[in-house]
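Down below is the structure, laid out as structure tokens.
Coordinate-derived values only; no laboratory data. What you see is a predicted model, and the numbers here were worked out from it, not measured in a lab. Here the Cβ positions follow ideal geometry from the backbone for every residue, glycine too, while neighbour counts run over all protein chains shown.
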Amino acid sequence: MKKPPNQALEPRSQASRPVRKKGHGRAAWDRGSSLMLGKMLNFLRRLFSPKPDPNQPLVEYPSDEFRSIQEALSSGLVRYREQGEARPVDIRWQGQGGRLDSYLIRELRLAGSVLSAAEVPIQWDVVCREAGFDYARLKAERPCDLNIDSLSTDELAELIEFVFVKHLAMQPWNDSRDFCLGIEYVNSA
């Protein structure tokens, strides 16, 4: 069987070519399309990504996911802020108790932009002064609360670690020289 001979395509005449307007070139189309593509991919990622289980902790340390407690704390705070801060979380810090066979757990509660102590009264003015933060900027309506809205995630993590380690004088475990951390949603009754 014979193949038909290739026919050369004739170039289009100048009159049949579309007229390009200034400023509407390929570069402008590429920027707009890549922006639209980025928005579409972000939407699809949010739509089909697995939703976090509200009954599971945001962060637990020690774990294979984090190398240090500071990394775990920062990651938990980022996750909390990304999820819209709709529900309060308890930040539980665990360390060595008064005896070798005992442990000590302290909690802070983060509800939106308010940080409060769950069981131990904390003098936030003293904590802020010692940690190098401006208490006047962080002062909340109630004296037992702290308004952390103006703090970055790293600053908030630094402040929380200061409260547990320096202000509440919690001790790390004797064997690992480290603490345990859990950030969990507060169960609604």
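Each of Phe164, Phe48, Phe66 has some number of other Cβ atoms within 10 Å of its Cβ, and from fewest to most they run Phe48, Phe66, Phe164.
A simple charge model with +1 on the Cβ of Lys and Arg, -1 on the Cβ of Asp and Glu and nothing else charged puts the dipole of region 59-185 at about 300 debye relative to its Cα centre.
Taking every C-alpha pair closer than 8 Å and separated by at least 6 residues, the mean separation divided by the residue count of region 50-183 gives a relative contact order of 33 percent.
Legend: P(r) of region 92-156 from all alpha carbon pair distances, 10 Å bins from 0, whole percents, reading 20, 47, 24, 9, 0. For region 39-118, a simple Cβ point-charge model (Lys and Arg +1, Asp and Glu -1, everything else neutral) yields a dipole of about 360 debye relative to the Cα centre. Shape class of region 59-185 from the alpha-carbon gyration tensor: oblate, with a/c at 1.5 or above and b/c at least as large as a/b.
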